[in-house]
Structures are given as C-alpha cells and as structure tokens.
1. Can you give the charge dipole size of the stretch 76-186 about its Cα centre, rounded to the nearest 20 debye, using +1 on the beta carbon of Lys and Arg and -1 on the beta carbon of Asp and Glu?
2. Of all accessible surface on the chain at a 1.4 Å probe, what whole percent is carbon and sulfur?
3. Which whole-Hz couplings ³J(HN,Hα) result when phi for each residue of the stretch 319-329 is put into the Karplus expression 6.51 cos²θ - 1.76 cosθ + 1.60, θ = phi - 60°, listed in order with x for Gly and Pro?
4. Restricting to the chain, compute how many DSSP beta bridges are antiparallel as a %, nearest 5.
5. Just to be sure I understand: with springs between alpha-carbon atoms less than 10 Å apart, which residue in HIS24, HIS299, HIS217 has the highest mean-square fluctuation in the Gaussian network model of the chain?
6. Using only Cα atoms, find the angle between the long axis of helix 95-105 and the longest principal axis of the chain, and express it within 0 to 90 degrees, rounded to the nearest 10.
7. At what distance in nm do the modelled label points of HIS24 and SER230 sit from each other, each positioned 7 Å from its Cα along Cα→Cβ?
8. Using alpha-carbon pairs under 8 Å, 6+ residues apart, how would you state the relative contact order of the chain in percent?
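The values are calculated or read from the model by the stated rules, or taken from the named source; none is laboratory data. The shown structure was predicted, so the numbers you read here are calculated from the model rather than taken from an experiment. Heads up, the Cβs are rebuilt from the backbone with ideal geometry, glycines too, and the neighbour counts pull from every protein chain shown. For the accessible areas, the whole protein counts, side chains as well, though only heavy atoms, and no ligand, DNA or RNA atoms are used. Shrake-Rupley method; radii C 1.70, N 1.55, O 1.52, S 1.80 Å.
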Amino acid sequence: MNYDYIIVGSGLASIMFAEQLRIHQKSFIVISDRSQQASVVASGLYNPVVLKRFTSAWRADSHLSCAIPKYASLEHLLGLKLDYVIPIYRVFNSVQEQNNWFLACDKPLLNQFLNPDLINNNNNFVKAPFGFGEVYYTGKIDTQTLIEGYCSFLSDKNQYLSDTFDYDSLVETSDGLEYKSINSKHIVFTEGYGIHKNPYFKQLPLEGTKGELITIHAPDLKLNIILKSSVFVIPMKNDNYLVGSTYEWTDKTNTPTPKAKSQLLEKLELLISCKYEVVDQRAGIRPTVSDRRPLVGCHPNHNRMYVLNGLGTRGVLIAPSIAESLYEFIESNTSLPEEIDINRFASVFS
C-alpha cells in the first residue's frame, strides 16, 4: 500500500492535519491505538481570552478565523453537530475585578472579544454578587463526538488502522519510508503525551499535565451560558454540566482520582447553591510545553519525519491553523512561525 502520509495518533491534531491532506487530495492512513485521552476528555472550549489575567490568547484572532469555518466544514462532512456556540460569563469576585475588566475592554487586542457592559446575576442558584463579564466568540466543540465520528469516517474509507505503532518497524528508504506493508513519502507524529515513547521526538520538552473533569446533574441550575470562575461550568444535555478542570504535574495516568474530585467540588460549592449529583469523572494528560507553544516541524536528522504536538489547553482553538502551517511547511516549503518550530529546541537533538 502506497500513501503520501502516515499519521500516528487520532486526537485533535491528527484530525486537523488529516483534513489538510483530504482537502488537498493527498493519500494518507491514520494509525492509532487510542491510548491517549487528552482530546477525548477535553472540555472542548474555544475562548480567545485568558480570563485569569484578562489578556488576549496567543494569536486569538487568526486562530478563530481559521477554526470556526473548519469545524463547520467537519459538521457538514460528518453529518454531526460539533460546534455549540455559547457565551462565557466570567464571574467577578470583587469591584477591583470589575474595574480590571473595564480596563481590558479598552485594549486593542481585547475590545472585540469583551462586552464592556456589566451583566447582573439573575440566577438564584449562582453565587455572583458582583456580576459577570461576557466574552464573545466562544463555545464548545464536542471533541469526543468529533474524534469518534472522524475515525469512523476514515475506517469506512480504509484509511484508519487500529494498532499500536511499532517504531522498530519504521524503515527509511532512498525515496521514502516503509512501515510493515505500507510505503509512504512522509510520516507525521501526533501522539500527544505518547511522544515520550517515540525514539525520534521524545527529547522534546513536552510536559504532560493531568487534567480531570466531573459531570454533574443539576436540574435546578438552568444555565444557558458557560460560567467561569476558579472552575468552569459548561451546560450539556439533559440538565448535565461539565465542571473542570484540575492541573496535576506528577501523576501521568488517565485514572480519575478522589483528590481531584474533591478539589473540583470545593470550588463548585463556592459558585452554585443548588442540589446536584456527580454522574461522571474523567481524566487525561494534556500535552503541554514549557513555553506554552506547540511543537511543530521536521526532525533535523530524518527529513521525512514530522511532529505536530503540544497544543495544550487551547487545542480546540489553535489546532486548525497549526495543522495548516505544518502542511504548508511540508508541501510548499513555507517557513513555520519561529515560536512553534521545534528548531527552538534544536540542542536536544545534538
């Protein structure tokens, strides 16, 4: 079997790069054992503002302009609802936070994303005496439905191989790569935290950060917006809400923990006052990098091997444009932005 590309991994990065290949009519196969859970357990939020500090997210405008049409295209392709446009309400905890918000609204990079009007709290079950600030151009992508739907789409076209990738079976040839019975011109590794098992790219400084979410059933809450305080509360179907997220730097397992559940519930109690029931808990390892920028580029010693990783907590927002950058880099020899190019860590390969 001959392909232009092998893609290793089946998370958000994989899907977005696969879409670049599909729309440019490149042949490819995805190989994955679905061992990495970051995309599946992600909240799916896209949000152009860092709400802890009232600053613009990295290249928020350009990422948004690429991402929204891409998810709309995927909805059409798969026949699935994926993008739920929902405003985010940042809970103010003091008059000082209100004032900081108003100052942020006047900043050139932020004024298009922030509502300058204070929103009062009219929900008796939400604890927000200082009101809210509304963020525009926000929502939630159903990442689990997207991944399952896209992998099914590829399976139907015999472009998906459910298997653990065997690095020892990858052989470089004079005109490409061989992997078992597959011949390919290029290979792109989109393995998330699984990069630590990759002999070609494991030197890169990807720091897995464990995140946990809980789902609660709260019939009285009746939210149609996303609440953001020390935790976020995202409305789902049937009076369920997603609550998250935690950050854990030492535990690298996908196993939910009582400690994280307790942390989330303590913060939730400060935000809502209605009765609720915890109905689910999930965990995954986010692929984060020390400088909070993705890891994208070509291996310095293997010119047909590429990496697309390190999307971190804003993967839903940035994945489409980052995948596009890598495709143009490979196919058109377009330079990668220095801030995402793995050449910034060239010393780790020496």
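1. On the way: 8 positive and 14 negative charges, 112 e Å.
Using only the charged Cβ atoms, the result is roughly 540 debye.
2. Details: 7630 of 15880 Å².
With neighbouring chains kept in place, the figure for the chain is 48 percent.
3. Listing the rounded values in order: 4, x, 6, 5, 4, 5, 4, 5, 4, 5, 5 Hz.
4. Working: 50 of 70 bridges.
Bridges in the chain are about 70 percent antiparallel.
5. HIS24
6. 50
7. The answer from the label model is 4.7 nm.
8. Values: 701 pairs, mean separation 81.4, N = 350.
It rounds to 23 percent for the chain.
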